Structures are given as structure tokens and as C-alpha cells.
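First comes the structure, then the notes that go with it.
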Amino acid sequence: KVEIEKSNFIGDSISSLGYPAGGALGFEKMWPVSQEGYTSTFSSCNCGFKKEAFEKYGLFDEDFPMAGGEDTLLADNICKKGGKIKYCPQAIVIHQARDNLFSFIKWQIKRGEGIYLFQKKVKSIKGRIKNRFWSIKNILLSYWFDWKILLIIPLLVLSLVCQQVGYYGAKKSDAAG
């Protein structure tokens, strides 16, 4: 579980988008968690592994030039090989909030680059897209009567636009190769 430090209005609104690791929204509203506490993903800003898990399922993919997607790819590999990922809400990491628009934009562009690399490796991201719509619904429902919604909605749109910029920038760079 990640807890985000209180910040300014912009920072608290960005944290409400659910990143990293569920952010202020909470992991369970960003990614489904079964009644037994199992999930299909994790965030590398707060996770733990036994050495045997790395030996069995592999390491983080070093093709990712930045943080963003390498943890999702490892989680995907673990699940495909029959492994289980246990969500432990009692394991808490305090994370600093992103508190300005410039760092948010940069971060979202990098996320888009990571999405491109992830998709290139797994081929289809349809399940991830479906999950993203589910998490956006949870964001909107959770903050609909909160003043932050006035910034959350434009941030969601900006996030999607910036991720597309990063995605297509990485794709163009890859094609130029």
C-alpha cells in the first residue's frame, strides 16, 4: 500500500488519479483484488520478493529505459507462468506527491513510452485498457463530490493526451531505429 503525503491542491488532485500504486485512491480501486487478496499486478515502489521468485519468474526487464511498465511486465510474466501476487495492505510506503503540472506532464509522457514498450513485448493490452476504464470510473465515483474533481477531470484528459504523446514518440523513435 502506498500513502501519499498531503500536498497542495494540484498535488492532492494528481495523487487522486491513483498513481503510484493506487495513490490517494487506493490500490483496490485501481486494480482488482480478489477476496483472498490476490491481484494481477504490483507497483515496484512497494513490493517484496523472495529470491526464488526472481529465479522462477525472471527479473525486471532492463529494456525499459525508465521506471514505468517494467513492473507491469514482470507481474504479467508471473501470472502467465502460474505465479500469484498477494496484495498486502499492511506493507505501507510513504510517497511524496507530485505537486506541479510540469512534473505531471513529464511523468505522463514517460508512462506513455513505457506503455509502448510494454505493448511491444506482450502484443495485446486490451485487458489493461479495460482495467483503465474501470479505474477511471472508480476515480470519478470516489471524488465526484470533492472539490478536487474540478482538477481531476482535466488531469485525466491531460494524462491520456500526454501518454499518447509518449507512446507515439517512442513508436516513432523505435521505427527510426
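Listed values, structure above:
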quantity	calculated
First in the stretch 34-47 and open to solvent by 50 Å² or more (accessible area, probe 1.4 Å), second anywhere and assigned to a loop (DSSP other than H, G, I, E, B), Cβ under 6 Å, 6 or more apart	TYR38/LYS84
Hits in the stretch 110-139 (condition: of a type in the set (A, V, I, L, M) and either touching a Pro at 6+ places or on another chain (Cβ under 7 Å) or open to solvent by 50 Å² or more (accessible area, probe 1.4 Å) (or both))	ILE115, ILE129
Long-range neighbours under 6 Å by Cβ, at least six apart or interchain, first residue assigned to a loop (DSSP other than H, G, I, E, B) within the stretch 75-94, second surrounded by 12 or more Cβ atoms within 10 Å (Cβ to Cβ) and among the polar types (S, T, N, Q)	TYR87/THR39
Residue that is farthest from SER16 (Cα to Cα), among those in the stretch 148-175 that are loosely packed, with under 15 Cβ neighbours inside 10 Å and among the hydroxyl-bearing types (Ser, Thr, Tyr)	SER173
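The values are calculated or read from the model by the stated rules, or taken from the named source; none is laboratory data. Please read these numbers as outputs of a predicted model, since none were measured by experiment. Virtual Cβ from ideal backbone geometry, glycine too; neighbours counted across all protein chains shown. Only protein heavy atoms, including side chains, enter the accessible area calculation; ligands, DNA and RNA are left aside. Shrake-Rupley method; radii C 1.70, N 1.55, O 1.52, S 1.80 Å.
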